[in-house]
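**Q** To start, I am sharing the structure in question, which I have written as C-alpha coordinates.
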Amino acid sequence: MNFWFLIICFGIAFILQYILTFAQMKSFTAYYSKLRRRGRVAIGKVKGGFRAGCIAMFAIDQNGIILEGGYMQGITVLARVKKLNGFEGKDVGRLTQADCKNLAKPLTKAVLEASSNYNVIMGGGEVVEPQSPLQRLGNIFTAKKLKAHN
(Lines give C-alpha, C1' and ligand atoms only; values in the text may rest on other atoms or scores of the structure.)
Protein backbone atom coordinates (compact mmCIF):
# COMPACT_ATOMS: atom_id res chain seq x y z
CA MET A 1 0.00 0.00 0.00
CA ASN A 2 2.76 2.48 0.95
CA PHE A 3 4.74 1.60 -2.18
CA TRP A 4 1.89 2.56 -4.52
CA PHE A 5 1.18 5.70 -2.54
CA LEU A 6 4.82 6.78 -3.00
CA ILE A 7 4.71 5.97 -6.73
CA ILE A 8 1.54 8.05 -7.15
CA CYS A 9 3.03 10.96 -5.15
CA PHE A 10 6.20 10.92 -7.29
CA GLY A 11 4.07 10.80 -10.44
CA ILE A 12 1.99 13.79 -9.32
CA ALA A 13 5.14 15.72 -8.35
CA PHE A 14 6.69 14.96 -11.76
CA ILE A 15 3.59 16.13 -13.64
CA LEU A 16 3.36 19.30 -11.51
CA GLN A 17 7.06 20.03 -12.12
CA TYR A 18 6.53 19.58 -15.87
CA ILE A 19 3.53 21.95 -15.93
CA LEU A 20 5.30 24.65 -13.91
CA THR A 21 8.46 24.38 -16.03
CA PHE A 22 6.34 24.69 -19.17
CA ALA A 23 4.68 27.84 -17.76
CA GLN A 24 8.09 29.32 -16.89
CA MET A 25 9.48 28.63 -20.36
CA LYS A 26 6.36 30.14 -21.91
CA SER A 27 6.89 33.32 -19.85
CA PHE A 28 10.54 33.51 -20.93
CA THR A 29 9.72 32.87 -24.60
CA ALA A 30 6.97 35.50 -24.66
CA TYR A 31 9.25 38.17 -23.16
CA TYR A 32 12.17 37.19 -25.41
CA SER A 33 9.89 37.45 -28.46
CA LYS A 34 8.75 40.89 -27.30
CA LEU A 35 12.37 42.04 -27.03
CA ARG A 36 13.30 40.39 -30.32
CA ARG A 37 10.64 42.41 -32.15
CA ARG A 38 12.44 45.58 -31.01
CA GLY A 39 15.89 44.48 -32.23
CA ARG A 40 18.74 42.18 -31.36
CA VAL A 41 18.85 40.65 -27.87
CA ALA A 42 21.88 40.29 -25.59
CA ILE A 43 21.45 37.57 -22.95
CA GLY A 44 23.48 36.71 -19.87
CA LYS A 45 22.76 33.91 -17.44
CA VAL A 46 24.07 32.71 -14.14
CA LYS A 47 23.30 29.18 -13.02
CA GLY A 48 22.54 29.04 -9.34
CA GLY A 49 22.62 25.34 -8.49
CA PHE A 50 21.18 25.49 -4.98
CA ARG A 51 21.19 29.30 -5.00
CA ALA A 52 19.04 31.64 -7.07
CA GLY A 53 20.01 31.65 -10.73
CA CYS A 54 19.34 34.56 -13.05
CA ILE A 55 18.84 35.38 -16.73
CA ALA A 56 19.17 38.99 -17.91
CA MET A 57 18.24 40.05 -21.44
CA PHE A 58 18.38 43.36 -23.27
CA ALA A 59 16.80 44.49 -26.53
CA ILE A 60 19.45 46.55 -28.31
CA ASP A 61 19.54 48.67 -31.45
CA GLN A 62 22.10 48.36 -34.28
CA ASN A 63 24.62 50.40 -32.26
CA GLY A 64 24.34 48.27 -29.11
CA ILE A 65 22.27 50.82 -27.19
CA ILE A 66 19.82 49.22 -24.75
CA LEU A 67 16.17 49.80 -25.61
CA GLU A 68 14.59 47.61 -22.93
CA GLY A 69 15.63 44.95 -20.44
CA GLY A 70 14.16 42.07 -18.50
CA TYR A 71 15.30 39.42 -16.04
CA MET A 72 14.19 36.16 -14.47
CA GLN A 73 15.61 35.34 -11.06
CA GLY A 74 14.84 32.61 -8.58
CA ILE A 75 15.41 29.09 -7.34
CA THR A 76 12.12 27.50 -8.34
CA VAL A 77 10.01 27.16 -11.47
CA LEU A 78 7.73 29.84 -10.03
CA ALA A 79 10.14 32.61 -11.18
CA ARG A 80 8.77 34.82 -13.97
CA VAL A 81 10.32 37.49 -16.20
CA LYS A 82 10.29 41.02 -14.78
CA LYS A 83 11.17 44.33 -16.42
CA LEU A 84 14.73 45.54 -15.76
CA ASN A 85 14.80 49.33 -15.54
CA GLY A 86 17.72 51.74 -15.39
CA PHE A 87 19.74 50.52 -18.38
CA GLU A 88 17.83 52.21 -21.21
CA GLY A 89 20.10 54.33 -23.41
CA LYS A 90 23.34 52.71 -22.19
CA ASP A 91 25.78 50.83 -24.43
CA VAL A 92 25.41 47.13 -23.61
CA GLY A 93 29.08 46.49 -24.44
CA ARG A 94 30.27 49.02 -21.85
CA LEU A 95 28.24 48.00 -18.81
CA THR A 96 30.28 47.87 -15.61
CA GLN A 97 29.88 46.87 -11.99
CA ALA A 98 29.07 50.51 -11.20
CA ASP A 99 26.02 50.35 -13.49
CA CYS A 100 24.72 47.43 -11.40
CA LYS A 101 25.32 48.87 -7.93
CA ASN A 102 21.70 48.47 -6.71
CA LEU A 103 21.13 44.98 -8.12
CA ALA A 104 21.33 41.59 -6.41
CA LYS A 105 24.58 39.67 -6.91
CA PRO A 106 23.19 37.02 -9.34
CA LEU A 107 21.46 39.72 -11.41
CA THR A 108 24.67 41.78 -11.51
CA LYS A 109 26.60 38.75 -12.77
CA ALA A 110 23.95 38.05 -15.43
CA VAL A 111 23.95 41.68 -16.64
CA LEU A 112 27.76 41.71 -16.87
CA GLU A 113 27.70 38.36 -18.69
CA ALA A 114 25.20 39.79 -21.21
CA SER A 115 27.67 42.62 -21.80
CA SER A 116 30.56 40.18 -22.14
CA ASN A 117 28.59 37.93 -24.51
CA TYR A 118 27.74 40.93 -26.67
CA ASN A 119 31.41 41.94 -26.87
CA VAL A 120 32.48 38.38 -27.78
CA ILE A 121 29.87 38.10 -30.55
CA MET A 122 30.64 41.56 -31.93
CA GLY A 123 34.33 40.63 -31.97
CA GLY A 124 33.54 37.63 -34.17
CA GLY A 125 33.92 35.05 -31.42
CA GLU A 126 31.65 32.37 -30.09
CA VAL A 127 30.25 32.30 -26.57
CA VAL A 128 31.48 29.23 -24.70
CA GLU A 129 28.86 27.63 -22.48
CA PRO A 130 30.29 26.88 -19.01
CA GLN A 131 30.04 23.30 -17.82
CA SER A 132 27.22 22.33 -15.51
CA PRO A 133 28.03 20.95 -12.04
CA LEU A 134 27.07 17.46 -13.27
CA GLN A 135 29.45 17.74 -16.24
CA ARG A 136 32.28 18.87 -13.94
CA LEU A 137 31.59 15.92 -11.63
CA GLY A 138 31.66 13.57 -14.62
CA ASN A 139 35.01 15.03 -15.69
CA ILE A 140 36.45 14.33 -12.23
CA PHE A 141 35.44 10.66 -12.40
CA THR A 142 36.66 10.37 -16.00
CA ALA A 143 40.04 11.84 -15.03
CA LYS A 144 40.32 9.39 -12.11
CA LYS A 145 39.53 6.45 -14.42
CA LEU A 146 42.19 7.60 -16.90
CA LYS A 147 44.78 7.89 -14.10
CA ALA A 148 43.88 4.41 -12.84
CA HIS A 149 44.41 2.88 -16.30
CA ASN A 150 47.79 4.58 -16.89
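The values are calculated or read from the model by the stated rules, or taken from the named source; none is laboratory data. In this text the structure is predicted, and so the values were computed from the model without any measurement. Cβ: placed from backbone, ideal geometry, glycine included. Neighbour counts: every protein chain shown.
**Q** How about region 97-132: which of its residues are assigned to a loop (DSSP other than H, G, I, E, B), over 19 Å from ASP61 (Cα atoms) and not basic (Lys, Arg)?
**A** Residues satisfying the conditions are ASN102, LEU103, ALA104, GLY125, GLU126, VAL127, VAL128, GLU129, PRO130, GLN131, SER132.
**Q** A follow-up question, please. Does ALA52 fit the bill of being under 30 Å from LEU134 (Cβ atoms), at pLDDT below 95 and surrounded by fewer than 16 Cβ atoms within 10 Å (Cβ to Cβ)?
**A** So ALA52 does not fit the description; no.
**Q** Of the conditions (1) farther than 30 Å from LEU16 by Cβ; (2) of a type in the set (Lys, Arg); (3) modelled with pLDDT of 90 or more, LYS82 clears all except one; give me its number.
**A** Here LYS82 clears every test but (1).
**Q** For region 1-24, which residues satisfy the criterion of being within 15 Å of ALA79 (Cα to Cα), without any contact (Cβ under 8 Å) to a residue 12 or more places away in the chain and β-branched (Val, Ile, Thr)?
**A** Hit for region 1-24 is ILE19, nothing else.
**Q** Let me ask something else. Any chance region 58-70 includes a residue that's closer than 22 Å to SER132 by Cβ, part of a strand (DSSP E or B) and in contact with a helix residue (DSSP H, G or I) (Cβ under 9 Å, 6 or more places away or on another chain)?
**A** no
**Q** Out of ASN117, ASN102, ASN85, ASN63, I need the residue that is of a type outside the set (A, V, I, L, M, F, W, C) and touching a strand residue (DSSP E or B) at 6+ places or on another chain (Cβ under 7 Å). Which one?
**A** Exactly one of ASN117, ASN102, ASN85, ASN63 is of a type outside the set (A, V, I, L, M, F, W, C) and touching a strand residue (DSSP E or B) at 6+ places or on another chain (Cβ under 7 Å), namely ASN117.
**Q** While we're on this one: Please enumerate the residues belonging to region 55-80 that are over 18 Å from ASN117 (Cβ atoms) and either touching a Pro at 6+ places or on another chain (Cβ under 9 Å) or surrounded by 13 or more Cβ atoms within 10 Å (Cβ to Cβ) (or both).
**A** GLY74, VAL77, ALA79, ARG80
**Q** I would also like to ask the following. Restricting the search to region 77-93, which residues are assigned to a loop (DSSP other than H, G, I, E, B) and either in contact (Cβ under 8 Å) with a residue 40 or more places away in the chain or in contact with a His (Cβ under 9 Å, 6 or more places away or on another chain) (or both)?
**A** Answer for region 77-93, where residues must be assigned to a loop (DSSP other than H, G, I, E, B) and either in contact (Cβ under 8 Å) with a residue 40 or more places away in the chain or in contact with a His (Cβ under 9 Å, 6 or more places away or on another chain) (or both): VAL77, LEU78, ALA79, ARG80.
**Q** I've got another one for you. Take the residues of region 6-42 that are surrounded by 17 or more Cβ atoms within 10 Å (Cβ to Cβ) and in a strand (DSSP E or B): which is nearest to the chain's Cα centre (by Cα)?
**A** It comes out as ALA42.
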